[in-house]
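The values are calculated or read from the model by the stated rules, or taken from the named source; none is laboratory data. Here the structure is a predicted model, which is why all the values come from computation and not from measurement. Methodologically, a virtual Cβ is constructed for each residue, glycine included, from the backbone with ideal geometry; neighbour enumeration extends over all protein chains shown.
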Amino acid sequence: GDSVTQMEGPVTLSEEAFLTINCTYTATGYPSLFWYVQYPGEGLQLLLKATKADDKGSNKGFEATYRKETTSFHLEKGSVQVSDSAVYFCALSDRGSQGNLIFGKGTKLSVKP
Amino acid sequence: KAGVTQTPRYLIKTRGQQVTLSCSPISGHRSVSWYQQTPGQGLQFLFEYFSETQRNKGNFPGRFSGRQFSNSRSEMNVSTLELGDSALYLCASSQGGTGTNQPQHFGDGTRLSIL
């Protein structure tokens with residue numbers, strides 16, 4: 001079945017460092033791909049999305065490109081801030097199973113001042 | 001626009017009891033999905049409702065059930081609670097039209113603890 005694999009954390013960075021969180025997927029169809037972020041005590045917030053190959057999703061300085069050839073959707077940010085400390089989830093949604101997001105295990109990011 | 005609202009935020013129950021969780025979606029959203037989040041298993045899909053009908057179901061036992069009302073509000077019920085049901089239960093809504101993959105918007109969850 002469909003699945004998402006993302007790098008295990010925790011990831012600890014200094015402020016203004018470059019961030020990459022790797023995410024790869026397995027899907028039989030043509031999924032849409034998402035990154036969600038979860039702050040302590042809260043639900044998930046959509047960070048960015050891409051619905052087809054070569055699409056680039058971006059938001060708040062974060063970017064991810066849908067790479068069909070490598071089945072990847074890596075999250076990047078050029079300069080992280082302390083406020084970016086959270087858990088990041090990569091997810092996919094297959095058109096054949098609407099309303100059903102398949103998530104990776106999550107990567108906890110801590111940014112130190 | 002109000003976000004997804006889940007009630008209650010926290011709940012404590014004992015084994016064998018049953019519980020009902022509530023979710024009010026964003027106005028205009030017709031799809032409501034439920035997820036269970038635990039440290040060990042991560043985020044797992046429970047089920048999705050669209051226009052009062054269950055459209056998708058995850059791999060959970062029959063003790064987990066749900067329903068959706070005509071105003072799109074949804075409830076999730078868990079019967080005969082077990083210790084392993086302790087989790088954060090998240091509800092998400094989307095417009096959910098056929099053939100689309102619109103992003104889901106999540107509530108803050110209900111933290112269920114089983115004693």
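Among B:G107, B:G40, which is the only one that is within 14 Å of the chain's Cα centre (by Cα) and more than 16 Å from A:N100 (Cβ to Cβ)? Spell out the reasoning first.
Values: B:G40 fails: within 14 Å of the chain's Cα centre (by Cα).
Answer to the selection: B:G107.
Any residue that is touching a strand residue (DSSP E or B) at 6+ places or on another chain (Cβ under 7 Å) and exposed (fewer than 13 other Cβ atoms within 10 Å of the Cβ) - is there at least one of those in the range A:64-74? For the range A:64-74, residues touching a strand residue (DSSP E or B) at 6+ places or on another chain (Cβ under 7 Å) and exposed (fewer than 13 other Cβ atoms within 10 Å of the Cβ): absent.
Within the range B:58-87, residues that are among the aliphatic types (A, V, I, L, M) have Cβ atoms under 6 Å from residues that are in a loop (DSSP other than H, G, I, E, B) in these pairs: B:V78/B:R63; B:L81/B:R15; B:L81/B:Q17, counting only partners at least 6 apart in sequence or on another chain.
With respect to (1) under 19 Å from B:Q102 (Cβ atoms); (2) in contact (Cβ under 8 Å) with a residue 24 or more places away in the chain; (3) crowded, with 17+ Cβ neighbours inside 10 Å; (4) not aromatic (F, W, Y), the lone exception for A:G29 is condition (3).
With respect to the conditions (1) within 14 Å of another protein chain (Cβ to nearest Cβ); (2) surrounded by fewer than 16 Cβ atoms within 10 Å (Cβ to Cβ), B:S72 falls short on a single one, namely (2).
Restricting attention to the range B:24-37, which residues are closer than 13 Å to B:R67 by Cα, within 11 Å of another protein chain (Cβ to nearest Cβ) and in a strand (DSSP E or B)? Selection gives B:S31, B:V32, B:S33, B:W34. Selection of the range B:69-81 for residues being part of a loop (DSSP other than H, G, I, E, B) and of a type in the set (S, T, Y) yields B:S70, B:S72, B:S79, B:T80.
Highlighted here are the strands (runs of 3 or more DSSP E) found entirely within the range A:64-113 that include at least 3 residues which are closer than 20 Å to B:N59 by Cβ and within 11 Å of chain B (Cβ to nearest Cβ): A:86-93, A:101-103. The sole residue among B:G84, B:G40 that is exposed (fewer than 14 other Cβ atoms within 10 Å of the Cβ), within 12 Å of chain A (Cβ to nearest Cβ) and not in a strand (DSSP E or B) is B:G40.
Residues that are at pLDDT below 95 and surrounded by fewer than 14 Cβ atoms within 10 Å (Cβ to Cβ) do occur in the range A:2-9.
Looking only at residues in the range B:55-68 that are within 10 Å of another protein chain (Cβ to nearest Cβ) and in a strand (DSSP E or B), the one that is farthest from B:T14 (Cα to Cα) is B:R55.
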